[in-house]
Each structure stands twice: as structure tokens, then as C-alpha cells.
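In what follows, a structure is listed as C-alpha cells, so that the remarks can point back to it.
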Amino acid sequence: MLLGVRILDPASGIEQVADVLIAHGIVAKVGNPGESSSWPEHPDNGATGVHVISQAHHDGELLLTPGLIDAHTHVFGSAGVARVDEIGVEVGVPIIVDAGGPGAETIDDFVASRIAPASTRVKALLSIESGGITDNHPGHNTTRSASRMVTSSIGTFLEAVDRHRSSVVGLKVWATAAAGLQWVEHAVNLSEISSLPMFVHVGELNDPDATGISGDVLDHLQGGDMVTHSFTGLPGSLIDGTGRILPEVIAARDRGVLFDIAPGEVNLSFDRAEAAMSQGWIPDIISSDVHRWARRRNPTMSLPYVMTTFLALGLSLNRIIACASTNPAAALDIETGSPRAGSVATLSLLRRSVGSTIISDGSRSIRGDESLVPVGCFVDGAWIPASPPETSATPLPYGTPVCRTFLAELGEELTHHRHHDSRWRGEELHKLVHRARRKAGLDVAEALQTLHIGLPLEEATLPAGWLLEHLGPEHSMDHLQSLLQEGRPTLLPSR
């Protein structure tokens, strides 16, 4: 039971202070402040087991909103944060979307290791690269040509989507000079055949001298497709150095293309944001692009933090809430809740804290007068309070005897592979991992958990085959041997 909270519902335009009862997974009652005192469920009327959250016990106004959706995160692959919930329910965000972490070859692993164990509802933008985000994808390594990247065939991609249609909400493609337009053209084909929207990265991450291809890319996009990193200051930005919005951007928005923020670690320029917003160009979606490196630099990096940033940049609270909840819900066809009576209770509770705050984009700082602080969220009616960032990791447990059988089978597979194939590539190694687990009769989640025992927790987000590629042949075999012989791992250094 929530007492005296402010309801903000962008879809209906409702904004009111109210008492709210959440019961049986829905918003059961909404009444004027104080009206709840007559409800049978109120503790003062003898009801038991009711958790009450009252505005009277909080400094700063409590805001009840549709469930926030962080439409651009990384919880899988080489960029993934260690724990899903630390950027989801623990910061008041009931729904997150991994932007390209899994590909067609690794989506099964993603579902088992990232979606199934989490309290946060997790969706995926499926990478057009077969393995998803690994150390060799063009966004993170511009030294390798796109011709050496392994993209999913149409058949493989569609099979992956069909297996996980409830989890896959779009496809992710990197539009960089290294990847070239051939990736975008392939993505357009996949998008049309799968009926999934495209989610397109712009901005040259690792090559400050690259010539951006954003204008050419935008000409390939249609209504419902999304562009991410809209206010990046890197080459390939949608806004040039003089603050001019590219004409291709205006034409794309006229066609119904949507634009996402996703600052991450380096992809938000206050100068570009202010220039665009001063011309009335407002983003459609606000997301975080939180990943392991952004989290290291700023442990508080989260969707509420980015929402606070846009308060400081002058965007209205109602627009910010819409950009972080109902807008991405509509764009990606994700069901979230509403603080209206009868709605599914997937909601966020924030505290509007008044006080000076300093926010930096890495080049300059701005001062804000208030912050949006997560109090908690509801996931299908279940209340989950927000938690402060963790500074220590919980070790993974050791496996069962069948896990040891899996390790032995995998060791044999890898030994045979080394003798007959000099390549140590993630794509092939991934197949060997899953062949070994099938021989051992182990499910995907248990196999992945076993393989990651004893490694730095941040490496537990890599797909299995690419983890072995990352470790290399010698360290991989030493790690398996240690687990088999001693029942515990040799801790390997993070590389």
C-alpha cells in the first residue's frame, strides 16, 4: 500500500497524488490521499501482512511511474556487467534490454544464464553477428575488417528468433566505418524477414580519425527502427560540430525512425545534447548503455542516473518518464505496467530529491538542482526494494558430479580440437562446449556456471566459446584440469 505518492502516467496524461493498493499482481485500488483509511486492506482496520510505503516517511516526493525500461544495457558478452539485477530491479528498473550481447549462436546461453536466474525481466536485441558481442566485434575493435566478422545466416538467425520469440524484441547492428554499410544492408534484410525492428549503433568508438557513415546509414532505416547514441560527440554523430542536426536525421524522424540516448561511458556530449534540444529536437528513448567499463568508471551508472542527467539538461520530468518507460515499451513491443487501477503492477517508485548535483560527460560538468533516486520497483506485483551498488562479488558454487563429467568431456573435445585444428576461435569452441554438455546430460545453465567457476566474475558474462578463446589454449586446459583434479579452480588473472 502506497500512501500519498504522486502518480505519473504519460500514456493517459494522469498526474495526481494518491493512495494506491497493489494486490494479486495488479493495481487493485487508486484513491485520493487519505481515502485508503477506509479500505479493509489498511493496517489500521485490522489487515495484516500489508507492506506500507508512505510519503510521510520520505524526504523528497515519491513518484509512482510505469515500469522503467532500460532499452540499452549490456549484461552478456565481453561488455556485460557481472549481475543482471544490479542494473535492473536493484536500481528501480523492472525491465532491461541487452543490446546485442547474444547472437544466434549464443542466445540459448543468454536465456539460461542471464534471463532465467534474474528477478529483472530481461529482453534481447539479437546481434547480427553470430556470437554477439565478443572481443572481436567491430564496435569494440576497429582493427579487424568486417569481412572477418561472422554474421548470422538468414536461416540461423530466424531459427534463433523462433526459439526465443518472447525474449527477442529486435536486432542490433553496429554502423561504424569498420563494419561498413554491408552490415547495415544485411541487417535490413534480416529485419524485413523476421519482422523485427533494427537498433543501430552510430559513432566511432575506437577511431577518432574515422569518417562517420551515419548519414548513409540513416537512409536505410524505416519507421520503427531505432538509432542509439543520438547525442554522441564521437565521429559519426548525428549532430555536427557546429550544432547542426544532419538533414538525414530530420528525414529519418519524418519516416518514423526513433532516437535513443544511451550515454554509456563516452557517448553523451552535453554540447551536442544542448544544441539539439535548443532546436526542439528531443529524444524518443532514454536508456543507459550501462556496461562493465561504464560501471567501473561510475558505480552509480544506471537508468535513473541518466534520467537525472536529463533533468539537469532541462528536459521535463513527464517527458523523461515517457522516454524511459512507455516510449521504449511501444517501440519494442514490451509490456510494462501503469499506475492506473486494473493495470499489471510492473511499476517503478522513485524519490525526487532536491539538492545540488554535479554531472559530467567526461569533457565538461553541469549542475542540477534535483535527482531521481530509486526507491524500488514492482515486477508483476512483487515489491523489490532498491539496493546500493555492491562492492564485492559472490563466488559461484562448485558443480555436481555430472558437472565434472561435463568438464572431462570438454577436456577431451578441446584436446582433440587442438591436435587437428590450429585455430582457437570462439565460434568452433562454442560448438564443442555444447557437444560436451549434451554428452554429460547437463543443461545449459549448469554447464555455463560450471565452466565459469573461479574466474573473475566479470568474465562470467562471456559466451562459453569466446571465454575459451579469451583465455587461450593453455589457460583453458589448465583451468579445466584444476577443476577436475582439485575440485576447485586456479584463479586466473583478469585480462
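The values are calculated or read from the model by the stated rules, or taken from the named source; none is laboratory data. What you are looking at is a predicted structure, and each value in this text was computed from that prediction instead of being measured. Cβ coordinates were reconstructed from backbone atoms using ideal geometry, including for glycine residues, and neighbour counts include every protein chain displayed.
When restricted to residues that are touching a Lys or Arg at 6+ places or on another chain (Cβ under 8 Å) and without any contact (Cβ under 8 Å) to a residue 40 or more places away in the chain, segment 1-17 contains 2. The residue that is modelled with the lowest pLDDT, among those in segment 150-173 that are among the hydrophobic types (A, V, I, L, M, F, W, C) and within 16 Å of the chain's Cα centre (by Cα), is Val173.
Each row is one residue, and each column tells you yes or no for (1) closer than 22 Å to Arg6 by Cα; (2) touching a strand residue (DSSP E or B) at 6+ places or on another chain (Cβ under 9 Å).
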| site | (1), (2) |
| --- | --- |
| Gly34 | yes, yes |
| Ser38 | yes, yes |
| Pro43 | yes, no |
| Gly60 | yes, yes |
| Pro66 | yes, yes |
| Val75 | no, yes |
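Residues in segment 261-292 that are assigned to a loop (DSSP other than H, G, I, E, B), of a type in the set (Val, Ile, Thr) and crowded, with 19+ Cβ neighbours inside 10 Å: Ile261, Val266, Ile286. Taking segment 75-99 as the range and being part of a loop (DSSP other than H, G, I, E, B) and farther than 15 Å from Thr300 by Cα as the test, the residues that pass are Val75, Phe76, Gly77, Ser78, Ala79, Gly80, Pro94. Considering only segment 226-233, I want to know if a residue exists there that is in the same structural domain as Trp183 (by TED's automatic domain parsing), within 22 Å of Gly314 (Cβ to Cβ), without any contact (Cβ under 8 Å) to a residue 40 or more places away in the chain and assigned to a loop (DSSP other than H, G, I, E, B). The answer is no, given that none of the residues of segment 226-233 is in the same structural domain as Trp183 (by TED's automatic domain parsing), within 22 Å of Gly314 (Cβ to Cβ), without any contact (Cβ under 8 Å) to a residue 40 or more places away in the chain and assigned to a loop (DSSP other than H, G, I, E, B).
Exactly one residue out of Asp70, Asp9 is in the same structural domain as Met307 (by TED's automatic domain parsing), under 22 Å from Gly88 (Cβ atoms) and crowded, with 18+ Cβ neighbours inside 10 Å, and it is Asp70.
For Ser12, are the conditions met, namely being in contact with a His (Cβ under 8 Å, 6 or more places away or on another chain) and of a type in the set (Ser, Thr, Tyr)? Against the criterion (in contact with a His (Cβ under 8 Å, 6 or more places away or on another chain) and of a type in the set (Ser, Thr, Tyr)), Ser12 does not qualify. Looking across segment 434-449 at every residue that is within 26 Å of the chain's Cα centre (by Cα) and more than 17 Å from Phe76 (Cα to Cα), the one that is surrounded by the most Cβ atoms within 10 Å (Cβ to Cβ) is identified as His434.
Of all the listed residues (His201, His229), the sole one being over 21 Å from Ser365 (Cα atoms) and surrounded by 22 or more Cβ atoms within 10 Å (Cβ to Cβ) is His201. All of (1) of a type in the set (Gly, Ala, Ser); (2) modelled with pLDDT under 95; (3) over 30 Å from Val52 (Cα atoms) hold for Ser353 with one exception: (3). The condition of being modelled with pLDDT of 85 or more, closer than 28 Å to Leu303 by Cα and not β-branched (Val, Ile, Thr) holds for only one of Ala386, Ala393, that being Ala386. Pairs are defined by a Cβ separation below 6 Å, a sequence spacing of at least 6 or placement on different chains, a first member in segment 446-470 that is modelled with pLDDT under 65, and a second member that is in a helix (DSSP H, G or I) and not hydrophobic (A, V, I, L, M, F, W, C); the pairs so defined are Glu458/Arg292. Looking across segment 225-244, the residues that are in contact with a helix residue (DSSP H, G or I) (Cβ under 8 Å, 6 or more places away or on another chain), under 17 Å from His201 (Cα atoms) and of a type outside the set (S, T, N, Q) come down to Asp225, Met226, Val227, Phe231, Gly233, Gly236, Leu238, Ile239.
For every residue, the table says whether it meets (1) in contact with a Lys or Arg (Cβ under 7 Å, 6 or more places away or on another chain); (2) buried (at least 24 other Cβ atoms within 10 Å of the Cβ); (3) assigned to a loop (DSSP other than H, G, I, E, B).
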| site | (1), (2), (3) |
| --- | --- |
| Pro299 | no, no, yes |
| Thr309 | no, yes, no |
| Ala330 | no, no, no |
| Thr336 | no, no, yes |
| Pro339 | no, yes, yes |
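Does Gly88 fit the bill of being closer than 21 Å to Val379 by Cα and without any contact (Cβ under 8 Å) to a residue 12 or more places away in the chain? No, not satisfied.
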